[in-house]
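Peer 1: Input: one structure, supplied below.
Every number here is computed from the coordinates shown, using simple stated rules; none is lab data. Everything quoted here is computed from the prediction, not taken from an experiment. Cβ placement follows ideal geometry from the backbone for every residue including glycine, while neighbour counts extend to all protein chains displayed.
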Amino acid sequence: MSADRETIAVYDAKAQDYADMVSRDSHPGLDAFLAAVPEGARVLDLGCGTGAMAEKMVAAGRVVDATDASAAMVELAQARGVPARVATFDDLDAEATYDGIWANFSLLHAPRVDLPRHLAAIHGALKPGGYFHIGVKLGTGEARDALGRFYTYYGEDELEERLAEAGFTPITRKHGVGRGLDGTRAPWIWMLCRG
């Protein structure tokens, strides 16, 4: 997650509320990701939140590293048995380490100007031909939600362009609308990409 202190503070304060919300969610993107990275693959859950998806990855036989900038989220992930640690996007310095990286609705908390740098670090952390899942909210601009969390919104074409510039090729995508922690419904997209 980004190092935006106000966003981190919201997640620290509302970690259990967030855990309750995501425990009800299934994620078809996870099925596509797990189909792409074989059993025994090493994956990074970048912005793991409560560890719900990382827990499913571990159960499916993947070797998972998980990071989040919220200490409260990391505690909840660790309570699930997920090997999680506190880290921001800027702490990613691995080289050709992961078969897959999962960044599900986490990079949208980084300022738009920082996305190319984060995508370059992700591309570098993947083994050649590795897989990258990204989920963001669709829209324009940057803003704080009703809870004070910082968001950057992307159009599909812009996101695809930024991914291509970083060396990624989208291989599948899905659109939807979902309700967030602040209670508002928003359109979103996720893409599974090859590095």
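Peer 1: Using the alpha-carbon centroid of each, what span in Å lies between region 135-184 and region 28-56?
Peer 2: Region 135-184 and region 28-56 have Cα centres separated by 19 Å.
Peer 1: So what is the calculated 222 nm ellipticity per residue for the chain, using -39500 (n - 2.57) for each DSSP H run with n of 4 or more, over all residues, to the nearest 500 deg cm²/dmol?
Peer 2: Values: 7 runs with 64 residues, N = 195.
About -9500 deg cm²/dmol.
Peer 1: Here's something else I'd like to know. From zero up to wherever the largest Cα-Cα distance of the chain sits, split into 10 Å bins and tell me the percent of pairs in each.
Peer 2: Bin by bin from 0 Å, the calculated values are 9, 40, 41, 10, 0.
Peer 1: Starting from 0.36 nm per residue, how many nanometres of slack lie between Ala120 and Gln16 once their C-alpha separation is accounted for?
Peer 2: Separation in residues times 0.36 nm, less the Cα-Cα distance, equals 34.2 nm.
Peer 1: What's the Kirkwood radius of region 1-95 in Å, using all Cα pairs? Before the final figure, lay out each step's value.
Peer 2: Values: mean 1/r = 0.0742 Å⁻¹.
Kirkwood radius, region 1-95: 13.5 Å.
Peer 1: Over region 121-195, what is the relative contact order in percent, taking alpha-carbon pairs closer than 8 angstrom and at least six residues apart?
Peer 2: RCO, region 121-195: 40 percent.
Peer 1: With Cβ to Cβ distances under 10 Å as the rule, what net charge do the other residues near Thr169 carry (K, R +1; D, E -1)?
Peer 2: Counting the neighbours of Thr169, the net charge comes to 0.
Peer 1: Then there's this: Counting only C-alpha contacts under 8 Å and six or more residues apart, can you give the relative contact order of the chain as a whole percent?
Peer 2: RCO, the chain: 21 percent.
Peer 1: Something else: Quick one: work out the % antiparallel among DSSP beta bridges in region 36-189, nearest 5. Intermediate values should be presented prior to the final figure.
Peer 2: Working: 10 of 28 bridges.
If I count the DSSP bridges inside region 36-189, around 35 percent turn out antiparallel.
Peer 1: Kindly write out, for region 155-161 in residue order, the coupling ³J(HN,Hα) from the Karplus curve 6.51 cos²θ - 1.76 cosθ + 1.60 (θ = phi - 60°), rounded to whole Hz, with x marking Gly and Pro.
Peer 2: x, 4, 5, 5, 4, 4, 5
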